Structure formats: structure tokens, C-alpha cells
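The numbers here are math on the coordinates, done by the rules we state, and not lab data. Everything numeric here is computed off the predicted structure, so don't read it as measured data. Every residue, glycine as well, gets a Cβ built from its backbone with ideal geometry; the counts of neighbours run over all protein chains shown.
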Amino acid sequence: MQGIEDEINRIVKIAKPIKDKAQELRNLLERGFFEYPILSKIPSNYPDKLCIVAIDTGFIEPPAELTGGRLAVIIRAHAFFGCTPSCIEKQEASAMVKFIESENNIAKPLSKIVERKFIIELLKRKKNGELHLDMVLLDGELIPRIPWWYSPKAKVRNKYLKKLYNTIIDLSNEMFRLAHETSTALVGIVKRSYGHLIGPLVGIPDLPLNDKAIATYILKPGEYIDLGYCFDILEKTESMLNELKENKVLRRILRHRTEWLRKVIEYVWWSGHTKIILYKAWQPTYFSLATKVEIWPSDLLLIEHIVGFLAANTGVNGVPYQIDVVDSMCRIPKTLLFETQQEMFRNLAERLNDPQLAMSIAGLTNPEKMSRIGFK
């Protein structure tokens, strides 16, 4: 295969320093630099009788390309474990349709809005005494990812996209506030993780591999790395930046990596109290992967309780089984997008009393990809 040898040589150059420094890294992590060692054993004692809701959202990527715009379908699924609520279905999946009249793909921010609105609804019910709930598990980030260009006063071309991120920030603030008022723990299971926070924290800012790869390599089953609260991570990284005055390239890389963290702490008031953890469960998993989680603890559930619970419930896929359940509920069959496109066309044709105009809006821009959304 063309180019594979060159890529292997490049990856070897990246990975070899990690191999050479593996024991040094373990020693630094075990020693720690906050008020505790960063690398620890996962506690075997944890609360096991908890009421938990797992939540996931999914969307077609990319959206179906229609003549008049893009058709996005977003699914939100939830499932309760350890309890049966009386005011809401124990397990349910629902879909939302959005017609996008621009080239920007807004399905992901829309899915985060759907997710956070639902969490707020649950927390309000708990606050009103309608619902018992100890912890919320999210399939995805708990801390919202803020684009590099975002600020509340920024003048941007795509005002609708900025409005979406304004909404995500407002909902995140409300979510954290209600979680605090109701003593509810929040946990985000980050499957696709490419962050580089470990290097600056241990004083080796040029570590080439991402945190999840490093943790997968150096952690033993039943261990976890506690990178600290977000405001601690940011403070430590900025301190490292001040020590790298002569290395402009590395300074620029570190600033870029932490920009989202700086923004989210500034705009989402409670997010700085979120901890970032990487753990390797006792049960062997496919590829022996470490699991990255973002944890906002409660007064009743401490960090070590939550890590122990998550590790005990993590299966071969490397995530808690509750997340596996809602992930399977969010899978979008091709037939759903086909049925949505057909229903849109039928209703447009009826309302406009003009099938040709309806097809000019709801027809597929790229007929060669008809099979992707269920056309035969």
C-alpha cells in the first residue's frame, strides 16, 4: 500500500519517546503535583445502589443533501438503571428533524442542545420532588467544546451558528446550576479523545502522543489517572507556558490546545469544577483501552465513588454498559432518513399544491448516493 512505510516510520518517531519515558512518566504521575498522587488504584468500595440515567444523541453525518438545503435527523435516547421513574419512560428514543439552508453542518451543536435541554428537564423534576436521580451519564463530553472563534461579542458571518453556541453555553450553565442545587453527579464518557494535557502537567510539554494513548500504554488494569479539576489543569498549563519563553512553536501549540478550556471556564461558570479522569477497568477490554471521563461530582457522590462505579460497570467495549445500551438505541437506520425525506416531499407538495416545487426543494442533490438513505 502506497505511503504506509513512510507513515510507520513517522509514527515510530512519535511513539519511541513514550516507550523510553514510560517508567519516568509513571513515577511522575505517582508522585503527583497537586495535593494527591495523580496515578492511583481504583477504589473497590463504591455505592452500587444508585439511580442513574444514561443519555446519548446521534445524528446522520453528513446530513442528506437536498436541492433546497440539508436534512438532519437527530435522535436522543435515555435509559434509567437502578430505579423506575413514575414521571417519565424508563427507556425511550425520540427523533428531531431539522432542515438546514446553509453549507454549515450544525447537527452536532443541535444534538448538544437537545441533550442538555433533556438533562435540565430531569433536574427540574428532581428539584420539584417528582424524580429521584443520583447521577447522569452522557455519551460524549460534559464540558462543551467552544470553537476557537467564539466569544459572546464576536462578529461572525454565520450568526445562526453563533446563536447555537450561545444556547449551548446558557444550557450548560443551567445544567450545572441545577446539578449543584439537587446534588446530582454529572459524568461525560469521552470515547473520541485526542487531548494533550498530561505532558504539561508532568513537566514534559512536548510529549507527542495524546492522553488516551499514553494512559492505555502505562496504566495497569484497576488504575486511574486523576488530571485534576479543569481550573487546576489550566493554571498548571499556563504556568508551563511562562517557562517556555524561548520556545515559540511549543508555546503556540500549548495555547491552541488549552484555548477551548480557557473559554469554557470563562463562559460556563461551574465547568472549572469538572475533573478529567483516565482509567483502565479491572475487566479486560478490546485493545486494553483506557477510558476518559469528565466528572462533576456531587455532595453525595465523591470522585473515588464515581470512578469505582464506572470501572466496575465497564465492559469489553471500554465504556460503562449503561452507555452501550443508549448507544445502541441511537443508531439511525437508513430507512429513517428515507422516510423523513419522503414525508417532507409529500407534505410540501400538499401544502404548496405544487409537486414540482416540492421536489425542487426536497429532491436529492446527489442521486448517486440514493442508496445511503434507503432508496433502492
> Among the listed pairs K212/K292; K49/K220; K220/K292; K90/K275; K16/K275, which are separated by more than 18 Å between their Cα atoms?
Replying inline: K49/K220; K90/K275; K16/K275
> Using bins 20 angstrom wide from zero, how does P(r) for the chain break down, in % of all Cα pairs?
Replying inline: 25, 53, 21, 1
>> So in the chain, which Cys have no other cysteine's beta-carbon sitting under 4.7 angstrom from theirs?
In response: C87, C230, C330
>> Rounded, prolate or oblate, given the Cα gyration tensor of the stretch 109-228, with a/c below 1.5 counting as rounded?
In response: oblate
>> Give the residue list of trypsin sites (Lys or Arg not before Pro) in the stretch 273-335 that are DSSP loop and have at most 12 other beta-carbon atoms within 10 angstrom.
In response: R331
> Between I204, H78, G140, whose Cα lies farthest towards the positive end of the dipole of the chain when Lys and Arg beta carbons carry +1 and Asp and Glu beta carbons carry -1, centred on the Cα centre?
Replying inline: I204
> the stretch 7-50: which GluC sites (Glu not before Pro) are DSSP loop and have at most 10 other beta-carbon atoms within 10 angstrom?
Replying inline: E35
>> Please give me, ordered by residue number, the trypsin sites (Lys or Arg not before Pro) of the stretch 201-270 that lie in loop per DSSP and have at most 10 other Cβ atoms within 10 Å.
In response: K245
> If you bin the C-alpha pair distances of the stretch 158-294 every 10 Å from 0, what whole percents do you get?
Replying inline: 11, 35, 33, 19, 2
> If you project the alpha carbons of the stretch 281-331 onto the principal axes, what extent comes out on each, in Å, largest first?
Replying inline: 33, 25, 15
> Relative contact order (percent) for the stretch 4-332, with alpha-carbon contacts under 8 angstrom and 6 or more residues of separation?
Replying inline: 22
> Which of the aspartates and glutamates could be linked to K263 by a straight reach, that is with a Cα gap under 14 Å, when you skip same-chain ones fewer than 8 residues away?
Replying inline: D170, E235, E238
> Per 10 Å bin, what is the whole-percent P(r) computed from every C-alpha pair distance within the stretch 219-331?
Replying inline: 13, 33, 31, 19, 4, 0
